[in-house]
Amino acid sequence: MAISDHVARRVRQERESRGMTRAALAARCTALGWPCSWPCTKTIITNLELGMSNGRKCGRPVRVDELVVIAAALDVPVLDFLAGARLPPGAHLTDPPRTVTIRLPAGARITIDE
């Protein structure tokens with residue numbers, strides 16, 4: 001399974017485990033500062049959750065800037081969405097600890113301690 005499809009599946013799992021609808025997640029993402037010039041919609045979340053390997057033309061991979069907002073909306077660390085993914089040879093999710101501050105367009109801040 002491609003990493004983008006793994007992330008798509010994890011987004012859906014986390015959303016469903018919270019009893020959140022796609023529309024509710026989209027509204028929360030928009031409120032936090034969706035990284036596009038248009039608001040996040042239920043259709044966008046549906047397409048992200050479909051991923052790329054489903055044989056349908058409407059799915060698409062999750063962009064990193066979108067994943068950061070989705071993670072904040074679901075209150076899940078970004079790296080949790082990658083946990084369990086098959087990484088390319090030599091790739092690792094664990095690096096030396098560091099703090100990264102990401103500023104979202106709406107002015108919200110998310111600090112991820114890896």
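Among (1) under 21 Å from Pro105 (Cα atoms); (2) of a type in the set (Phe, Trp, Tyr); (3) modelled with pLDDT of 90 or more, where does Trp38 come up short? With (1) under 21 Å from Pro105 (Cα atoms); (2) of a type in the set (Phe, Trp, Tyr); (3) modelled with pLDDT of 90 or more applied to Trp38, the lone miss is (3). The single condition among (1) at pLDDT below 95; (2) hydrophobic (A, V, I, L, M, F, W, C); (3) over 15 Å from Val69 (Cα atoms) that Ile44 does not meet is (3). For Ala83, state whether it is more than 15 Å from the chain's Cα centre (by Cα), closer than 24 Å to Met1 by Cβ and at pLDDT below 90. It is false that Ala83 is more than 15 Å from the chain's Cα centre (by Cα), closer than 24 Å to Met1 by Cβ and at pLDDT below 90.
Does any residue of the stretch 43-60 turn out to be aliphatic (A, V, I, L, M), under 16 Å from Pro105 (Cβ atoms) and in a helix (DSSP H, G or I)? Scanning the stretch 43-60 turns up at least one residue that is aliphatic (A, V, I, L, M), under 16 Å from Pro105 (Cβ atoms) and in a helix (DSSP H, G or I). Evaluated against (1) touching a residue at least 60 places away in the same chain (Cβ under 8 Å); (2) in a loop (DSSP other than H, G, I, E, B), Val7 falls short on exactly one condition, (2). If the condition is being of a type in the set (A, V, I, L, M, F, W, C) and crowded, with 18+ Cβ neighbours inside 10 Å, then the stretch 1-26 contributes Val7, Ala8, Val11, Leu25, Ala26.
Filtering Ala31, Ala71 for residues that are modelled with pLDDT of 70 or more, in contact with a helix residue (DSSP H, G or I) (Cβ under 9 Å, 6 or more places away or on another chain) and over 24 Å from Ala2 (Cβ atoms) leaves a single hit, Ala31.
The values are calculated or read from the model by the stated rules, or taken from the named source; none is laboratory data. No experiment lies behind these values; they were computed from the predicted model shown. We place every Cβ from the backbone using ideal geometry, glycine too, and count neighbours over all the protein chains shown.
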